[in-house]
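One structure below.
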Amino acid sequence: MLTTTLLAVAFCAAAESPVLFERTPIGNTTYEAASVFDVDKDGHLDLVSGGYWHAGPDYKTAHKICDVMPVDDYYDDFSDYPMDVNGDGYLDIITGAWFGSTVYWRENPKGKSVEWETHAIANTGNIERCSFYDIDGDGYVEVFATTSPVHFFRLVRDKQGTPQGRFEQFTITNGGGGHGFGCGDLNGDGRPDLIFSGGWMEAPENPYDTDAWKWHPEFDFGMASVPILVYDVNEDGKNDLIVGGAHGYGLWWYEQQGGGQWKQHVVETHRSQFHEMQLSDIDNDGKLEVVTGKRYRAHRGHDAGSADPLGTYYYDIDPAGFTRHTVDYGPFGQASGIGIYGWITDVDADGWKDILAPGKEGLFLFRSLGR
């Protein structure tokens, strides 16, 4: 059960960022997904987004990956996750398609400057985006398609752990699905549960026994962020949930009080379109922050707050009140948010994490300059 109290509203202070970032446009692409990895194994991290990869370390040379289907002002590419699927030692790309309703992997041509071959993994229905979590504790992530019912995929490996170029599919039909998805241990049994907008699925001992997942419809978050973040905000030993309004105003954390009870705390009411969120120690203080931003034209300008300025932010996590730090903020053409699938890593090995922010406003690298 979900309860709300005005006394629990967290104060969110607008503040200048104690960490400075340099904003750099990368090419002229407007895909909404991106990642960072060494595509050609030359020792430099490259930037990947939709139909192109940009060679490091200066990112001035773009190499075509493939044609990505355009639909209105979307491109049908809703994740760009690096994974060696066929075991050749080169990282490939896992993506999901809303309009094509399919999970794909794109085969890296061993770093050569030629187009990549795209392979269909499975048709699942409309995919809001793919997410990646290790649910069986073997050190390898599984691929989750944000759909209803819930489909996830395990990469087949041999006894030595070498990928075999194909996936096993598992489907859970007894609850969950829809907009909003996360993964983490909610009941303290050490197993990662699945979180959805309308409740959570309790993981069985064998996560591949798809009939054994137990559905707990304890809350209703509406059009929630993808992901929903699982984190013990108040450090009471029980994981809480951090949820963004993906297609409207608002950012909240929900305190787990036990017995199926959840208490809402308001973090943010003045920003909208919190579709993508990540936990990362962005300011090197030894604690995780919430890194997020506005998804520009998430529903082609029809969402609440769509006409507001764009922004990229990180929030200090504190049960007494999260603090917003602004990385970038301003009108279209002068600032950037984060689309549907961004990436955080230290691209230049200077000890500070950088933010790769894709979106319909363009692809931007926010390079951290430290304090």
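The values are calculated or read from the model by the stated rules, or taken from the named source; none is laboratory data. These figures come from a predicted structure and were not determined experimentally. Cβ coordinates were reconstructed from backbone atoms using ideal geometry, including for glycine residues, and neighbour counts include every protein chain displayed. When the accessible area is computed, the model is the full protein with side chains, heavy atoms only, and any ligands, DNA or RNA have been set aside. Shrake-Rupley method; radii C 1.70, N 1.55, O 1.52, S 1.80 Å.
Observations on the model:
- Whichever residue in region 329-346 is of a type outside the set (G, A, S) and open to solvent by less than 20 Å² (accessible area, probe 1.4 Å) and, among such residues, is farthest from the chain's Cα centre (by Cα): I338
- The residues of region 335-371 that are touching an Asp or Glu at 6+ places or on another chain (Cβ under 9 Å), assigned to a loop (DSSP other than H, G, I, E, B) and within 14 Å of K294 (Cα to Cα), listed by number, are S336, G337, I338, G339, I340, G342, P358, G359, K360.
- Cβ-Cβ under 9 Å pairs, at least 6 apart or on other chains, region 71-98 side on the phi > 0 side of the Ramachandran plot, far side open to solvent by 40 Å² or more (accessible area, probe 1.4 Å) and not in a strand (DSSP E or B): D72/R300; G87/D158; G87/T162; G89/K41; G89/K110
- Set G198, G165, G175, G184: member being closer than 20 Å to D138 by Cα, more than 18 Å from the chain's Cα centre (by Cα) and small (G, A, S): G165
- Qualifying residues in region 289-326 (those that are in a loop (DSSP other than H, G, I, E, B) and aliphatic (A, V, I, L, M)) - the one least open to solvent (accessible area, probe 1.4 Å): A298
- Taken over region 151-188, residues that are modelled with pLDDT under 95 and either touching a Leu at 6+ places or on another chain (Cβ under 7 Å) or on the phi > 0 side of the Ramachandran plot (or both) amount to 4.
- Selection from region 81-118 of residues that are part of a loop (DSSP other than H, G, I, E, B), in contact with a strand residue (DSSP E or B) (Cβ under 6 Å, 6 or more places away or on another chain) and open to solvent by less than 50 Å² (accessible area, probe 1.4 Å): D84, V85, N86, G87, S101, N108, W116
- Scanning region 19-55 for residues that are over 11 Å from G111 (Cβ atoms), of a type in the set (D, E, K, R) and open to solvent by 40 Å² or more (accessible area, probe 1.4 Å) returns E22, R23.
- All conditions but one from (1) touching a Ser or Thr at 6+ places or on another chain (Cβ under 9 Å); (2) within 19 Å of Q278 (Cα to Cα) apply to E142; the one that does not is (1).
- Region 288-313: number of residues that are among the aliphatic types (A, V, I, L, M) and within 15 Å of A246 (Cβ to Cβ): 3
- When V291, V347, V266 are checked against the criterion of being β-branched (V, I, T) and more than 30 Å from P217 (Cβ to Cβ), a single residue qualifies: V347.
- Test for F221: is it free of Cβ contacts under 8 Å to residues at least 60 places away in the same chain and either open to solvent by 30 Å² or more (accessible area, probe 1.4 Å) or part of a strand (DSSP E or B) (or both): no
- For region 124-152, taking the residues that are of a type in the set (G, A, S) and over 10 Å from F78 (Cβ atoms), the one that is most open to solvent (accessible area, probe 1.4 Å) is identified as S148.
- Filter pass, V230 being at pLDDT 95 or above, among the hydrophobic types (A, V, I, L, M, F, W, C), farther than 16 Å from D318 by Cβ and outside any loop (DSSP other than H, G, I, E, B): yes
- Top-ranked residue of region 105-144 - restricted to ones that are over 17 Å from the mean Cα position of the chain (by Cα) and of a type in the set (G, A, S), ranked as nearest to P192 (Cα to Cα): G137
- Y329 hydroxyl-bearing (S, T, Y), in a strand (DSSP E or B) and modelled with pLDDT of 95 or more: yes
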